[in-house]
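J.: Sharing a structure, written as structure tokens. Questions coming.
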Amino acid sequence: MEEQKRMTEPGTPQPDEKYRIDIIAKGPYLVHGNPPLQQKILVLNEEQIPWEYADGNTYSTIEEPTALCRCGHSKKTPYCDGSHAHAEWDPTLTADNVPLLENAESYDGPTVQLADNMEYCVHARICMAKGTIWELTPQSDKPEARESAIHESVFCPSGRLKLWDKQEGAFIEPPLQPALGLIEDPQEQCSGPLWVQGGIPVNGPDGTLYEQRNRVTLCRCGSSTNKPFCDGSHIKARFNDHLPLEIKTEENK
């Protein structure tokens, strides 16, 4: 049988080989390489619309590997406590391992082109902050509109929204280092997905090598219909990891 090759999305960095996430078929995510793990808390702009992420509390990944909950039922989140064995949830991995961009819709603008694959939407709502990214893209010959469109794109944690810079001939990607984020959404009073950053590869239990991407969001609530990826179901499910929220400033870091 021909060995599967991992696909890599354009603009994805290649991290140290020590980093990877292995998915247990009916269990947790096993995180290798000890990447930093920190809450990423959605905060609002002056219009009271989510605009960016503030750093929250950090959590240890010293165990090798570190088991993180993906069923949504652990009593010691973000870590697995074995609850998946008796909880009511569907661990089936249903996402097609097709490049995200292959099934993306395209929206053209004068200086940028938007690729949008809504199957990966985490409902962070940053894409609507300064006028929607779909409205801003056709106006990207105006500096303010272009700047807002880029912000709304690079702060899309899943990479659902990607902008192609026509002049540079490349996607506009944030320079992310290997790290994990626990997305928290105080406005919706719920917790979101595991934000995998900096090209950390994700492996399925059956040998599936998921596309390597700079930005990936993995389901933590157990309710996504596009597992292992988040599809925004945590909002409807009102998933709450019950972790204390504290925005870190220079004074309390």
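The values are calculated or read from the model by the stated rules, or taken from the named source; none is laboratory data. Remember, it's a predicted structure, so these values are computed and weren't measured experimentally. Please note: Cβ atoms are built from the backbone with ideal geometry, for glycine as well, and neighbour counts cover all protein chains shown.
J.: What about Asp165, is it among the charged types (D, E, K, R), assigned by TED's automatic domain parsing to the domain that holds Cys80, over 14 Å from the mean Cα position of the chain (by Cα) and surrounded by fewer than 23 Cβ atoms within 10 Å (Cβ to Cβ)? Let's see the steps before the verdict.
T.: Numbers: among the charged types (D, E, K, R): yes; assigned by TED's automatic domain parsing to the domain that holds Cys80: no; over 14 Å from the mean Cα position of the chain (by Cα): yes; surrounded by fewer than 23 Cβ atoms within 10 Å (Cβ to Cβ): yes.
No; evaluated as a whole, the condition is false for this residue.
J.: I've got another one for you. So how many residues does the range 142-190 have that are within 23 Å of Lys236 (Cβ to Cβ), touching a residue at least 60 places away in the same chain (Cβ under 8 Å) and touching a Cys at 6+ places or on another chain (Cβ under 9 Å)?
T.: Number of matching residues: 6.
J.: So, one more: Could you check how many residues of the range 99-135 are over 25 Å from Ile41 (Cα atoms) and without any contact (Cβ under 8 Å) to a residue 60 or more places away in the chain?
T.: So the answer is 14.
J.: Which of the residues belonging to the range 39-58 are of a type outside the set (Asp, Glu), surrounded by fewer than 18 Cβ atoms within 10 Å (Cβ to Cβ) and either in contact (Cβ under 8 Å) with a residue 40 or more places away in the chain or assigned to a strand (DSSP E or B) (or both)?
T.: If we filter the range 39-58 for residues that are of a type outside the set (Asp, Glu), which is where we start, we get 39-45, 48-51, 53-54, 56-58.
Cutting the leftovers down to surrounded by fewer than 18 Cβ atoms within 10 Å (Cβ to Cβ) gives us 43-45, 48-49, 54, 57-58.
If the condition is that a residue be of a type outside the set (Asp, Glu), surrounded by fewer than 18 Cβ atoms within 10 Å (Cβ to Cβ) and either in contact (Cβ under 8 Å) with a residue 40 or more places away in the chain or assigned to a strand (DSSP E or B) (or both), then Val43, Leu44, Asn45, Ile49, Ala54, Asn57, Thr58 are the ones that fit.
J.: I would also like to ask the following. Based on this model, can you work out whether Arg125 counts as of a type in the set (Lys, Arg) and closer than 28 Å to Glu246 by Cβ? Full working, then the answer.
T.: Details: of a type in the set (Lys, Arg): yes; closer than 28 Å to Glu246 by Cβ: yes.
So Arg125 passes the test.
J.: In the range 175-229, which residues are of a type in the set (Asp, Glu) and assigned to a loop (DSSP other than H, G, I, E, B)?
T.: Going through the range 175-229, the residues of a type in the set (Asp, Glu) turn out to be 184-185, 188, 206, 211.
If the condition is that a residue be of a type in the set (Asp, Glu) and assigned to a loop (DSSP other than H, G, I, E, B), then Glu188, Asp206, Glu211 are the ones that fit.
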